[in-house]
Amino acid sequence: MRRTVPLREAQKTQMCMKKLSELEAGERGIIHSFEKDELYIKLLEMGCVPGEPVKVVQVAPLGDPISIEVSGYHLSLRISEADSIIVTQDVE
């Protein structure tokens, strides 16, 4: 017997991977990985650890820098730095 999952439940379990720089103000994600090895240690020291929830608090008027909330504090990142952080988001 084949078990089917209602569409609404199936959508809750799907994850979407994006770059942190692609999130809009107010959106949340979970840090998954980093693309650039040279920024890896710097980002870890700032609290950007894989598995850590992150929220984009605000984006500057010209798009750079962005303010994020991670590990209980606010952090400003250049777009080039945010571009190297891969996050997962729930698909709603």
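Being in contact with a strand residue (DSSP E or B) (Cβ under 8 Å, 6 or more places away or on another chain), part of a strand (DSSP E or B) and either more than 14 Å from Lys42 (Cβ to Cβ) or of a type in the set (S, T, N, Q) (or both) is the filter here, so list the residues in segment 70-86 that pass it.
His74, Ser76, Ile86
Among the residues of segment 39-79 satisfying the criterion of being of a type in the set (S, T, N, Q) and at pLDDT 90 or above, which is farthest from Gly29 (Cα to Cα)? Lay out the reasoning, then the answer.
Filtering segment 39-79 down to residues of a type in the set (S, T, N, Q) leaves 58, 67, 71, 76.
Within this subset, residues satisfying the condition of being at pLDDT 90 or above are 58, 67, 76.
Working: Gln58: 14, Ser67: 14, Ser76: 16 Å.
Among them, the one singled out is Ser76.
Can you tell me which residue within segment 38-92, out of those that are charged (D, E, K, R), touching a residue at least 24 places away in the same chain (Cβ under 8 Å) and closer than 12 Å to Ser21 by Cα, is surrounded by the most Cβ atoms within 10 Å (Cβ to Cβ)?
Across segment 38-92, the extreme among qualifying residues is Glu81.
The values are calculated or read from the model by the stated rules, or taken from the named source; none is laboratory data. Since we're looking at a predicted model, the values are computed, not measured. Reconstructed Cβ throughout: ideal geometry from the backbone, glycine too, with neighbour counts over all protein chains shown.
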